[in-house]
Each structure stands twice: as structure tokens, then as C-alpha cells.
Amino acid sequence: MKYLAKLLVIFLALSGAARAGLTIDITQGVEGALPIAVVPFGWQGPAMNAPQDIAQIISDDLRRSGLFEPLSRDDMLSRPQDGSQVNYRDWRLLGTPNLVVGRVTASGDNYKIQFQLFDVNRQTQLVGYSFSAAEKDLRRIAHQISDIIYETLTGDKGAFNTRIAYVTSKVWRTNNVRYYALYVADVDGYNAHLVVRSREPIMSPAWSPDGHKLAYVSFEQHRPMIFVQDIFTAERERVAGFRGINSAPAWSPDGTRLAMSLSKDGNSEIYIMRVASSTLQRLTHNRAIDTEPDWSPDGKSLVFTSDRGGQPQIYRISAQGGPVKRLTFEGKYNAKPSYSPDGKRIALINGQDGKFRVAVLELQTGFMQILTNGRLDESPSFAPNGSMIIYATEYLNRGVLAAVSVDGRVQQRIALDEAGDAREPAWGPFLTIK
Amino acid sequence: MRAFTRALAILLPVAMLWGCSTTPTETTAGGAGTGAAVSQPAETGGAAAAGGESMAPGVEVSGVEQGGGFTGSPLDNPNSLLSKRTVYFDFDKSEIKPEARKIIEAHAEYLSNHPSTHIVLEGHTDERGTREYNLGLGERRAKAVQQVMTLLGVSPSQIEVVSYGEERPAAMGHDESAWALNRRVEIVY
């Protein structure tokens, strides 16, 4: 049976019938974003052009962060390809204090990518690297360069070389049947890959800390059950198919355990499952709905949603179990908590005045700030560098994804390239550099 | 074309619901595409069907019948409460409303008299709030219906409870009229 399921998933992955990529628009940027020029990279190779426009990918990454304002190519007075060709006066005239130049060189099946970042005012190189990569990895190299530039200029780690998982729901024109699908795409919306598709609902994707696996909930057996799937080999396994609800999977930071919500003992309770042995430890004992667990980054405690006080609110419990502490008091509805990577705050959905919006709760002070202005916002998930939160919202009667910076100043809308609804985004971990 | 397909996807379920009833509490069976059994009021009644010809208004004929006035299964009798298979709830609530209780009682009586018949109680919510919490809420609603049925003598082994949370709306809109139709438990035979 397991073998059959694996075949089905591989078949779907190969059929490539649906490539629901994403398009990202900045809906609100920062006043006084940092000007930067990313000069088109030089190219040496047999073809007319390099397989990827590395400079454009970097430019788009930096613009999307909301913190940078890349110079238009048409405004460039010169197009240097390395430090020796840079005329600093050109860039001072244009008012761009930061300059990126580089070149791509073909050598057999491989490509060599060099880049340098200059401080125009001090006329010095801030950083420079050289990479070697196959054609299929060129976009990834460009994102890595974006990360290096971002970190050099802001002091914070970049999250351009990451992936997101998301769920789509779409009625197919050919047979008028609604399909639910789980996709993985690069965080800039490119390279969308189908993970699993079904006529029954799919929910709650959760990344393993190494970025290799997704846990998710599928109704394919007509009840919500938890599956874990390797996103590269498509191998998958049903890890929880108990009576009742099996849902809300969340990986422990070390990847050895899955927190989940199971109703096998009567109503929804939080459990921790050891992935290797499938042994279960029950954490909560309450007649309320206990669900949506998320691990603190140190792995010592979990936050979760419970309506034990009459309405859904956020609580914290030790990973060993024991007493719970209520964390939210503002508003009648606080749910779906998600820890920031530094463990200092949680993103959540706050419901009041008929609106469900993304809010951030500072754990130290208990201060809560509402970041979005949607009506039906859902599923907040932090970027691994903590700079932005991706979430699901509604736009023109359609389910779309959106992202907001933690200070609320930068906002992006991320829509499917084709008809259908996108929802339940999960921002994956940093990809390890091979 | 895209817009047309989308409009169709929105309009079809709504049209089906309009076709069924005027108010949520009178809806017969679950919304579009849920796979719930929809009763077919194909005949107006045993007597009229037997008569074969049209009759003047106000005229009733009746034979001495062996069974009831409806010759099919009582589950398919459009005049029976058993033909109503959906009960509705308030936002974030699982309390059974009085009109829902009558429907549940009718099904409980039928199930008590037919111990080999099994049902699935499908709990659903509207789209507001978070998906996983709504999964729990849908289950709580279905279990509230289950509890009433078992208190009335239905064997627990006849009832299976499933929650779909907000994942399978009966109406596709994003306003209270759609939400009211989506906060429901469907009784599926």
C-alpha cells in the first residue's frame, strides 16, 4: 500500500500537469529604501546570452525585501563587469552608494559566477565571491549572492535562498472537479513543484528543519490524517491515522519529533510523536479544543491554540507537559501561533471587530501589534531570518498569499499565476549551501 | 474564460442551494459536491402516482394502503423530517438549536428502529478563524449531534464522526449568507 502511494506521488510529480507558480508584487515599500545598482553581469560563453540573468534575479530579490531600491538599467552610465572597470564618479552622480558588478563564464557544462559589491563613496570593495555551478543551480547562486549583499549592507542574514510550501484549491476545467494540491516553490515564486494532489482536502504543510521533508494533513482516506513526504524522492509515509482528527503537525527544532493534534481519546489534544519509533506522548488533558502547536526554537516548550477559557487563545506548555500558561488576552480570538526564529515573539491570527488579521505578540512584554488589514487572514509563518511573515489572505474574492515585514512597513502580495486559490504558506528553513 | 469558470464555480452551488430551499434550516441535503445523498422528490405521493391522471384542485383520493402514504424508504419521503439532512450552528458554537433538534430526533428514531443502518456525521465550519481550530470545531459540532442521538437510544456503533473544518464549504461566498450555510453538520446515510 505504501509502495502504491509512492508511485502515485511520483506519477503526479512527473506529469507536471500543474505548474502553479507565483507572482510577487510589492504593495507597500519603505520610505527611503537604500539605492543600489546591480549592473548586468558580463557573459563569456558559446551562446548569445547567459542562461539566467543573474543581475536581474538579484535586483528583484533586493527590491522585494522593501529595503532596497535598485537603479533601472536604462539609467546606468556605464556597465562595468569587474572592479578594474568601475568609474566611481558615474555612480556618485547617480546617487547610488552601493554597486554590484559581476560576470558569468561558461566552462564545459559548468558556469563560473563572480561578483563584487562596492562602497561607491569610500571606493572600496565590501565583499566579493566566486561560485561554480551547473545551469540548473544558477538561480540558486543568484539568491545566495542576494543573501550576501543583504547581510553585508543590513547586518541581518538574508532569506532569499529559501523555499515556501503552499496549498492550492482549484476547479479543473476539463472535468469540473476541485483538486487540492501542495506545492513547493522558491521564495521568489519560481521553480514551483507539485508535491501531492488530491480530490480531497490537503492542509497544514510543515517543513522539517533540514528542508527535506514536509508533514501535511490529507483527507484522501476521507478523514484528516498526517503524512510525511520527502520532497526530493517523493517517498511518503502515513505517520498518524488514528480514529478522529489527525492534524496540525509541527517538527521539533532537532527534527526527531512531531507535535500534533489528535482526537483519538475523545477531543483534540496535543501529542508529541517520536518520528523514529512512532511512540506518542500526550501533553494536554482538557475537554477543550487543543491544536495548532508550534515549538519554541530551543525545543523546550510549545505554544498552541485552546478554547479552554471559552474562546480560542494562545497557551504555552513545557515539552515535558505540566501546567499551561495563557499568553493572549486581547481580543476574543487568538489562534495559530508561530514562533519567530529568535524565540522572542510569536505571530498569530487575531480576531476582533469581525476581522481576522496577522498580529505579533512580544513574549517579554505581552505587547501585541496587528500587522495586516485583511478580513480573513490566516496561517502566518516567519521567514527563517525573522524579517518577514508570510500569510494567506483574500484579494478580489480569491485566496492569495501575502508577506509583511515584522515592523509592518513592507507588504507584498503573492498570487498564483493561474486560476485558483492559494493558501497555508509555510516558509522553509535556510537551504544549506552544497 | 477564467472569470467565467470562476463565476460558474461560485454560482452553481448557490443555485443548487436555492433550488433546495429558501432558508438554511429547510435545506434537504448537503451542499454541492459533498457526496451527501440528496433525496429525490420524483413522485408527489403514492396515491397520485397510482391515479395517473391530473386531478382538480382540492380533490384527494386515497386507497386502503398496506404501508404509509409514501411507498419508498421513509428516508426519501420529502414530507418527512428524515429528508432534512443538515443542521446549522452559530459562529464558533456547537449548541444544538431547537429546529435542529427536531431533525436530529427524527433521525435518532429511525436509526433506533434500524440498528443495521449506519450514518456519518460530517462537521463543518465557516471560513473565519484558523483552519486547524475549525477542524476541532467541526468535530465538536458533529459530536454534539452524535451525543443527542445516542442519548435517544442510537447505538454509538451506528455513527461515525468526521470533521472537515472549513475545507468543504457548501456555499462559496465570503459573507454571512454563505457562512450561515457552511456552519453545519451533515447527516450522511
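The values are calculated or read from the model by the stated rules, or taken from the named source; none is laboratory data. Quantities reported herein were computed from a predicted structural model and do not represent experimental measurements. In this analysis, Cβ positions are derived from the backbone assuming ideal geometry, glycine residues included, and neighbour counts consider all displayed protein chains. In case anyone asks, the SASA skips ligands and DNA or RNA and just uses the protein heavy atoms, side chains included. Shrake-Rupley method; radii C 1.70, N 1.55, O 1.52, S 1.80 Å.
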- Task: Might you let me know whether the range A:285-298 holds any residue that is within 14 Å of another protein chain (Cβ to nearest Cβ) and of a type in the set (Phe, Trp, Tyr)?
- Result: no
- Message: Out of the residues in the range A:346-371 meeting the condition of being open to solvent by 10 Å² or more (accessible area, probe 1.4 Å) and in contact (Cβ under 8 Å) with a residue 24 or more places away in the chain, tell me which one is farthest from B:Phe91 (Cα to Cα).
- Response: A:Leu363
- Query: Does the range B:107-115 contain any residue that is in contact with a strand residue (DSSP E or B) (Cβ under 6 Å, 6 or more places away or on another chain) and among the aliphatic types (A, V, I, L, M)?
  - Reply: no
- Tally the residues that are charged (D, E, K, R), farther than 19 Å from A:Tyr166 by Cβ and away from chain B (no Cβ under 14 Å), restricting the search to the range A:206-258. 6
- Message: Please go through the range A:265-286 and give me each residue that is farther than 18 Å from B:Asn134 by Cβ and in contact (Cβ under 8 Å) with a residue 24 or more places away in the chain, ordered by number.
- Response: A:Ile272, A:Met273, A:Val275, A:Ser278, A:Gln281, A:Arg282, A:Leu283, A:Thr284
- Being under 26 Å from A:Ser340 (Cα atoms), without any contact (Cβ under 8 Å) to a residue 24 or more places away in the chain and of a type in the set (A, V, I, L, M, F, W, C) narrows it down to one of A:Leu262, A:Leu302, so name that one. A:Leu262
- Matching residues in the range A:376-390 - criterion: being part of a loop (DSSP other than H, G, I, E, B) and in contact with a Phe, Trp or Tyr (Cβ under 7 Å, 6 or more places away or on another chain): A:Asp377, A:Ala383, A:Pro384
- Go through the range B:163-189 residue by residue and tally those that are open to solvent by 10 Å² or more (accessible area, probe 1.4 Å) and under 18 Å from the mean Cα position of the chain (by Cα). 12
- Query: Given the range A:68-143, what strands (runs of 3 or more DSSP E) lie entirely inside it while holding 2 or more residues that are open to solvent by 70 Å² or more (accessible area, probe 1.4 Å)?
  - Reply: A:124-134
- Do we have A:Phe219 as among the aromatic types (Phe, Trp, Tyr), surrounded by 19 or more Cβ atoms within 10 Å (Cβ to Cβ) and modelled with pLDDT of 95 or more here? yes
- Query: Restricting attention to the range A:282-307, which residues are part of a loop (DSSP other than H, G, I, E, B) and within 22 Å of A:Val358 (Cα to Cα)?
  - Reply: A:Ile289, A:Ser296, A:Pro297, A:Asp307
- Take the residues in the range A:354-375 that are of a type outside the set (A, V, I, L, M) and not in a loop (DSSP other than H, G, I, E, B), then tell me which one is farthest from the other protein chains (Cβ to nearest Cβ). A:Glu362
- Note on the structure: Subset of the range A:318-345, residues part of a loop (DSSP other than H, G, I, E, B), within 14 Å of chain B (Cβ to nearest Cβ) and open to solvent by 50 Å² or more (accessible area, probe 1.4 Å), comes to A:Lys332
